[in-house]
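The structure appears right after this line, and notes come after that.
The values are calculated or read from the model by the stated rules, or taken from the named source; none is laboratory data. If you're wondering where the values come from, they're calculated on a predicted model, not measured in any experiment. When we count neighbours, we look across all protein chains shown, and the Cβ atoms used for this are built from the backbone with ideal geometry, even at glycine.
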There are 2 protein chains.
Amino acid sequence: MAMGKRNAEPCCPPADQAADLRPIEGGAADEELAALAKALGHPARVQILRILVRTSTCVCGDIVDELPLAQSTVSQHLKVLKEVGLIRGEVDGPRVCYCIEPRALRRLKALVGGL
Amino acid sequence: MAMGKRNAEPCCPPADQAADLRPIEGGAADEELAALAKALGHPARVQILRILVRTSTCVCGDIVDELPLAQSTVSQHLKVLKEVGLIRGEVDGPRVCYCIEPRALRRLKALVGGL
DNA sequence: GGCGCCTATCGTCGGTCTACGATGGCAATG
DNA sequence: CATTGCCATCGTAGACCGACGATAGGCGCC
């Protein structure tokens, strides 16, 4: 099992289209938007997010090469994005594949759009 | 002069509808989005922004009363929002009126929507 | 089994943020 | 002219963030 398969979608979510029912304003929404915005509040993380959105598939070990930062620093930025739920990381054999979490991205757009 | 006048628009921008021509992606856009997002990355600032958007007119001295923070702290949050251009503050006699900057808000929505 | 690659985590240092009280400036009021 | 109200700024203390090197762990390969 688990031969060298590393093509398109070993981890990307299956395009769920369920609408988000949480409110778009109020105290809880304020804190949620603030948390998401804080995660975006760094150029490197914006860049990482863009890379993941652009490829529209999971990216494994190539993210470090795209940024002028040390490997540990990139790992921490990935951790921040993962903690707010904007990205997902799954182990695919020897490497870890990161992909975007479309629901969280839609949620962010909804919260910002609701301003 | 200047009796209790504090109604609609002593400072609010005249609803300019000029489209923003700056690019929505690339290195400069990344830093711009990161700066805007960092300014939003605090619940108090999200709340302030919502207050200004809700009233859709300038708010003078009532912002401090809406938040559970000291006056100096609120002033600093206002300064952060002003430095990224999301809000505008103009002196109106004895008090200072804050209002939202629709262009910056539209720019933020465009940048987030462009993800 | 041992080696090498890739990633996460730890520890640390310097810088920034957040919160507050205290202080100072400015305009209107008395 | 003195006072009052409103806001900005300063100074400070504690918490957090961003960056890095060093270290540890998991997996494939020889």
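List of remarks:
- Residue in region A:62-84 that is surrounded by 14 or more Cβ atoms within 10 Å (Cβ to Cβ) and touching a Cys at 6+ places or on another chain (Cβ under 7 Å) present: no
- Output for region B:94-106, where each listed residue is over 11 Å from the mean Cα position of the chain (by Cα) and among the charged types (D, E, K, R): B:95, B:106
- Restricting B:37, B:44 to those that are of a type outside the set (Asp, Glu), closer than 15 Å to residue B:74 by Cα and modelled with pLDDT of 95 or more reduces the list to B:44.
- Inter-residue pairs, beta-carbon under 7 Å, first modelled with pLDDT of 75 or more and in region B:7-33, second assigned to a loop (DSSP other than H, G, I, E, B), 6+ apart: B:24/B:114; B:25/B:114; B:29/B:23
A quick yes/no check of all residues on (1) within 12 Å of another protein chain (Cβ to nearest Cβ); (2) at pLDDT below 95; (3) more than 10 Å from the chain's Cα centre (by Cα); (4) within 13 Å of DNA strand C (Cβ to nearest atom):
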{"position": "B:80", "(1), (2), (3), (4)": "yes, no, no, yes"}
{"position": "B:84", "(1), (2), (3), (4)": "yes, no, no, yes"}
{"position": "B:92", "(1), (2), (3), (4)": "no, yes, yes, yes"}
{"position": "B:108", "(1), (2), (3), (4)": "yes, no, yes, no"}
{"position": "B:111", "(1), (2), (3), (4)": "yes, no, yes, no"}
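- Some residue of region B:33-50 being away from DNA strand D (no atom under 14 Å from the Cβ), in a loop (DSSP other than H, G, I, E, B) and among the polar types (S, T, N, Q): no
- Given (1) more than 8 Å from DNA strand D (Cβ to nearest atom); (2) in contact (Cβ under 8 Å) with a residue 12 or more places away in the chain; (3) not aromatic (Phe, Trp, Tyr), index of the condition residue B:61 fails: (1)
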